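See below for the structure under consideration.
The values are calculated or read from the model by the stated rules, or taken from the named source; none is laboratory data. Keep in mind that this is a model prediction, so the values were computed, not measured. Here Cβ is always computed from backbone atoms with ideal geometry, including for glycine, and neighbour counts include all displayed protein chains. The protein model used for the area step is the full one, side chains on, heavy atoms only, and it has no ligands, DNA or RNA in it. Shrake-Rupley method; radii C 1.70, N 1.55, O 1.52, S 1.80 Å.
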Amino acid sequence: MAHKEEFKHDAVRETLAKVFDFLNQNQKKIIQYGPIVLIAILFAAYYNYHQQNLETEANVLFGKALNLFDDGQTDLALLNFQSVEDDYSGTKSADYARLFLIEEALKNGETDKVETMIKELEDSDDEVIRSSVYVLRGNLALNNEDADEAIRFYKKARSLEVFPSLKEEYSLNVIRAYMLKGDYQKAYEEAQKIQADDNLKFNIKNELEDLMAEAKYLAHM
(Lines give C-alpha, C1' and ligand atoms only; values in the text may rest on other atoms or scores of the structure.)
Protein backbone atom coordinates (compact mmCIF):
# COMPACT_ATOMS: atom_id res chain seq x y z
CA MET A 1 0.00 0.00 0.00
CA ALA A 2 2.84 2.37 0.87
CA HIS A 3 4.40 1.65 -2.49
CA LYS A 4 1.18 2.51 -4.30
CA GLU A 5 0.84 5.83 -2.45
CA GLU A 6 4.46 6.64 -3.19
CA PHE A 7 3.85 5.99 -6.88
CA LYS A 8 0.85 8.33 -6.86
CA HIS A 9 2.84 11.06 -5.15
CA ASP A 10 5.71 10.82 -7.63
CA ALA A 11 3.35 10.79 -10.60
CA VAL A 12 1.58 13.94 -9.41
CA ARG A 13 4.83 15.74 -8.66
CA GLU A 14 6.35 14.87 -12.04
CA THR A 15 3.19 15.86 -13.90
CA LEU A 16 2.90 19.20 -12.09
CA ALA A 17 6.57 19.92 -12.76
CA LYS A 18 5.98 19.38 -16.48
CA VAL A 19 2.90 21.61 -16.41
CA PHE A 20 4.69 24.47 -14.67
CA ASP A 21 7.68 24.14 -16.99
CA PHE A 22 5.33 24.38 -19.98
CA LEU A 23 3.55 27.39 -18.47
CA ASN A 24 6.84 29.21 -17.96
CA GLN A 25 7.98 28.54 -21.52
CA ASN A 26 4.67 29.51 -23.14
CA GLN A 27 3.52 32.55 -21.15
CA LYS A 28 2.81 34.67 -24.26
CA LYS A 29 0.60 32.02 -25.85
CA ILE A 30 -1.32 31.47 -22.63
CA ILE A 31 -1.93 35.21 -22.21
CA GLN A 32 -3.02 35.44 -25.84
CA TYR A 33 -5.46 32.52 -25.82
CA GLY A 34 -6.49 32.67 -22.18
CA PRO A 35 -8.46 29.98 -20.33
CA ILE A 36 -8.81 27.62 -23.31
CA VAL A 37 -5.11 26.80 -23.41
CA LEU A 38 -4.90 26.49 -19.64
CA ILE A 39 -7.87 24.09 -19.54
CA ALA A 40 -6.31 22.00 -22.31
CA ILE A 41 -2.99 21.80 -20.46
CA LEU A 42 -4.60 20.84 -17.17
CA PHE A 43 -6.75 18.22 -18.91
CA ALA A 44 -3.65 16.71 -20.56
CA ALA A 45 -1.89 16.62 -17.19
CA TYR A 46 -4.88 14.91 -15.55
CA TYR A 47 -5.15 12.38 -18.37
CA ASN A 48 -1.44 11.54 -18.10
CA TYR A 49 -1.69 11.01 -14.33
CA HIS A 50 -4.92 9.03 -14.67
CA GLN A 51 -3.32 6.67 -17.20
CA GLN A 52 -0.36 6.07 -14.90
CA ASN A 53 -2.77 5.33 -12.08
CA LEU A 54 -4.72 2.88 -14.25
CA GLU A 55 -1.52 1.00 -15.16
CA THR A 56 -0.66 0.61 -11.48
CA GLU A 57 -4.11 -0.63 -10.52
CA ALA A 58 -4.13 -3.01 -13.48
CA ASN A 59 -0.72 -4.39 -12.47
CA VAL A 60 -1.90 -5.03 -8.92
CA LEU A 61 -5.02 -6.91 -10.05
CA PHE A 62 -3.07 -8.85 -12.68
CA GLY A 63 -0.53 -9.87 -10.04
CA LYS A 64 -3.34 -11.11 -7.80
CA ALA A 65 -4.79 -13.14 -10.68
CA LEU A 66 -1.38 -14.60 -11.49
CA ASN A 67 -0.84 -15.69 -7.88
CA LEU A 68 -4.24 -17.39 -7.86
CA PHE A 69 -3.40 -19.12 -11.14
CA ASP A 70 -0.06 -20.36 -9.76
CA ASP A 71 -1.85 -21.65 -6.65
CA GLY A 72 -4.18 -23.74 -8.81
CA GLN A 73 -7.25 -21.58 -8.16
CA THR A 74 -7.92 -21.38 -11.89
CA ASP A 75 -11.58 -20.35 -11.85
CA LEU A 76 -10.97 -17.46 -9.47
CA ALA A 77 -7.85 -16.44 -11.40
CA LEU A 78 -9.79 -16.34 -14.67
CA LEU A 79 -12.41 -14.09 -13.08
CA ASN A 80 -9.66 -11.68 -12.09
CA PHE A 81 -8.03 -11.85 -15.52
CA GLN A 82 -11.43 -11.02 -17.03
CA SER A 83 -11.74 -8.04 -14.67
CA VAL A 84 -8.34 -6.75 -15.76
CA GLU A 85 -9.37 -7.00 -19.41
CA ASP A 86 -12.78 -5.41 -18.85
CA ASP A 87 -11.80 -2.61 -16.45
CA TYR A 88 -8.31 -1.70 -17.65
CA SER A 89 -8.49 -1.97 -21.43
CA GLY A 90 -5.48 -0.41 -23.12
CA THR A 91 -2.99 -1.33 -20.40
CA LYS A 92 -0.21 -3.89 -20.78
CA SER A 93 -1.73 -5.93 -17.96
CA ALA A 94 -5.01 -6.17 -19.89
CA ASP A 95 -3.13 -7.57 -22.90
CA TYR A 96 -1.34 -10.16 -20.76
CA ALA A 97 -4.60 -11.07 -19.02
CA ARG A 98 -6.16 -11.62 -22.44
CA LEU A 99 -3.50 -14.25 -23.21
CA PHE A 100 -4.68 -16.35 -20.26
CA LEU A 101 -8.31 -15.93 -21.35
CA ILE A 102 -7.42 -17.00 -24.89
CA GLU A 103 -5.68 -20.12 -23.57
CA GLU A 104 -8.82 -20.99 -21.60
CA ALA A 105 -11.07 -20.41 -24.63
CA LEU A 106 -8.77 -22.57 -26.76
CA LYS A 107 -8.91 -25.34 -24.16
CA ASN A 108 -12.72 -25.15 -24.24
CA GLY A 109 -12.81 -25.37 -28.04
CA GLU A 110 -14.17 -21.82 -28.50
CA THR A 111 -12.33 -21.32 -31.79
CA ASP A 112 -14.27 -18.25 -32.97
CA LYS A 113 -13.73 -16.48 -29.68
CA VAL A 114 -10.03 -17.32 -29.78
CA GLU A 115 -9.69 -15.90 -33.29
CA THR A 116 -11.40 -12.64 -32.30
CA MET A 117 -9.30 -12.18 -29.18
CA ILE A 118 -6.03 -12.98 -30.97
CA LYS A 119 -6.69 -10.29 -33.58
CA GLU A 120 -6.89 -7.70 -30.80
CA LEU A 121 -3.28 -8.47 -29.84
CA GLU A 122 -1.62 -8.92 -33.23
CA ASP A 123 -0.43 -5.31 -33.51
CA SER A 124 1.08 -5.18 -30.03
CA ASP A 125 4.51 -3.54 -29.74
CA ASP A 126 5.37 -6.02 -26.97
CA GLU A 127 7.37 -8.88 -28.51
CA VAL A 128 6.45 -11.31 -25.73
CA ILE A 129 2.77 -10.75 -26.50
CA ARG A 130 3.34 -11.05 -30.24
CA SER A 131 5.34 -14.25 -29.80
CA SER A 132 2.53 -15.64 -27.63
CA VAL A 133 0.06 -14.80 -30.39
CA TYR A 134 2.17 -16.79 -32.87
CA VAL A 135 2.25 -19.74 -30.47
CA LEU A 136 -1.53 -19.58 -30.06
CA ARG A 137 -1.92 -19.54 -33.84
CA GLY A 138 0.41 -22.53 -33.99
CA ASN A 139 -1.74 -24.34 -31.44
CA LEU A 140 -4.84 -23.57 -33.50
CA ALA A 141 -3.11 -24.99 -36.56
CA LEU A 142 -2.28 -28.19 -34.68
CA ASN A 143 -5.91 -28.49 -33.62
CA ASN A 144 -6.74 -28.37 -37.32
CA GLU A 145 -4.08 -31.07 -37.97
CA ASP A 146 -1.92 -28.64 -39.96
CA ALA A 147 1.56 -29.35 -38.56
CA ASP A 148 3.36 -27.36 -41.28
CA GLU A 149 1.41 -24.20 -40.41
CA ALA A 150 2.03 -24.81 -36.71
CA ILE A 151 5.77 -25.13 -37.30
CA ARG A 152 5.76 -21.90 -39.29
CA PHE A 153 4.11 -19.98 -36.43
CA TYR A 154 6.30 -21.56 -33.74
CA LYS A 155 9.41 -20.55 -35.67
CA LYS A 156 8.08 -16.99 -36.04
CA ALA A 157 7.58 -16.87 -32.27
CA ARG A 158 11.13 -18.11 -31.73
CA SER A 159 12.57 -15.48 -34.10
CA LEU A 160 11.41 -12.56 -31.94
CA GLU A 161 13.54 -10.91 -29.25
CA VAL A 162 12.12 -12.63 -26.16
CA PHE A 163 13.57 -14.22 -23.03
CA PRO A 164 15.89 -17.20 -23.70
CA SER A 165 13.62 -19.45 -21.63
CA LEU A 166 10.71 -18.62 -23.95
CA LYS A 167 12.81 -19.34 -27.03
CA GLU A 168 13.60 -22.75 -25.54
CA GLU A 169 9.90 -23.49 -25.02
CA TYR A 170 9.13 -22.39 -28.59
CA SER A 171 11.88 -24.66 -29.90
CA LEU A 172 10.31 -27.58 -28.06
CA ASN A 173 7.02 -26.71 -29.76
CA VAL A 174 8.76 -26.90 -33.14
CA ILE A 175 10.18 -30.35 -32.30
CA ARG A 176 6.83 -31.65 -31.04
CA ALA A 177 5.12 -30.42 -34.22
CA TYR A 178 7.68 -32.24 -36.40
CA MET A 179 7.04 -35.37 -34.32
CA LEU A 180 3.28 -35.08 -34.84
CA LYS A 181 3.90 -34.59 -38.55
CA GLY A 182 5.93 -37.80 -38.61
CA ASP A 183 9.14 -36.07 -39.70
CA TYR A 184 11.32 -37.64 -37.01
CA GLN A 185 14.59 -36.89 -38.79
CA LYS A 186 13.83 -33.16 -38.81
CA ALA A 187 12.67 -33.31 -35.18
CA TYR A 188 16.00 -34.89 -34.22
CA GLU A 189 17.98 -32.26 -36.14
CA GLU A 190 16.07 -29.43 -34.44
CA ALA A 191 16.72 -31.03 -31.06
CA GLN A 192 20.44 -31.28 -31.78
CA LYS A 193 20.60 -27.52 -32.47
CA ILE A 194 19.08 -26.71 -29.10
CA GLN A 195 21.16 -29.28 -27.23
CA ALA A 196 24.29 -27.34 -28.17
CA ASP A 197 23.24 -24.58 -25.77
CA ASP A 198 25.09 -25.02 -22.48
CA ASN A 199 22.65 -22.75 -20.63
CA LEU A 200 19.54 -24.89 -21.04
CA LYS A 201 17.26 -25.11 -18.02
CA PHE A 202 17.18 -28.51 -16.31
CA ASN A 203 13.55 -29.27 -17.21
CA ILE A 204 14.07 -28.24 -20.85
CA LYS A 205 17.19 -30.40 -21.08
CA ASN A 206 15.34 -33.43 -19.71
CA GLU A 207 12.40 -33.07 -22.07
CA LEU A 208 14.76 -32.48 -24.97
CA GLU A 209 16.62 -35.70 -24.25
CA ASP A 210 13.32 -37.63 -24.16
CA LEU A 211 12.22 -36.15 -27.48
CA MET A 212 15.60 -36.89 -29.08
CA ALA A 213 15.51 -40.49 -27.93
CA GLU A 214 11.97 -40.94 -29.25
CA ALA A 215 12.77 -39.25 -32.58
CA LYS A 216 15.93 -41.31 -33.01
CA TYR A 217 14.04 -44.55 -32.35
CA LEU A 218 11.13 -43.71 -34.68
CA ALA A 219 13.48 -42.52 -37.43
CA HIS A 220 15.37 -45.86 -37.15
CA MET A 221 18.65 -44.00 -36.73
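Quick check on this structure: which one of Ala65, Ala157, Ala97 is out of contact with any strand residue (DSSP E or B) (no Cβ under 8 Å at 6 or more places or on another chain), small (Gly, Ala, Ser) and closer than 24 Å to Met179 by Cα?
Residue meeting the stated conditions: Ala157.
What about Glu209, is it open to solvent by 70 Å² or more (accessible area, probe 1.4 Å) and more than 21 Å from the chain's Cα centre (by Cα)?
yes
State whether the residues of region 115-135 include one that is open to solvent by 30 Å² or more (accessible area, probe 1.4 Å), under 18 Å from Gln82 (Cβ atoms), assigned to a loop (DSSP other than H, G, I, E, B) and touching a residue at least 12 places away in the same chain (Cβ under 8 Å).
Scanning region 115-135 turns up at least one residue that is open to solvent by 30 Å² or more (accessible area, probe 1.4 Å), under 18 Å from Gln82 (Cβ atoms), assigned to a loop (DSSP other than H, G, I, E, B) and touching a residue at least 12 places away in the same chain (Cβ under 8 Å).
Answer yes if at least one residue in region 70-81 is aliphatic (A, V, I, L, M) and open to solvent by 60 Å² or more (accessible area, probe 1.4 Å), and no otherwise.
Yes, there is a match, as at least one residue in region 70-81 is aliphatic (A, V, I, L, M) and open to solvent by 60 Å² or more (accessible area, probe 1.4 Å).
Give me the residue from region 165-206 that is surrounded by fewer than 17 Cβ atoms within 10 Å (Cβ to Cβ) and acidic (Asp, Glu) and, out of that set, nearest to the chain's Cα centre (by Cα).
The selected residue is Asp197.
Can you tell me which residues in region 138-195 are among the polar types (S, T, N, Q) and either in contact (Cβ under 8 Å) with a residue 60 or more places away in the chain or not in a helix (DSSP H, G or I) (or both)?
Scanning region 138-195 gives a single hit, Asn144.
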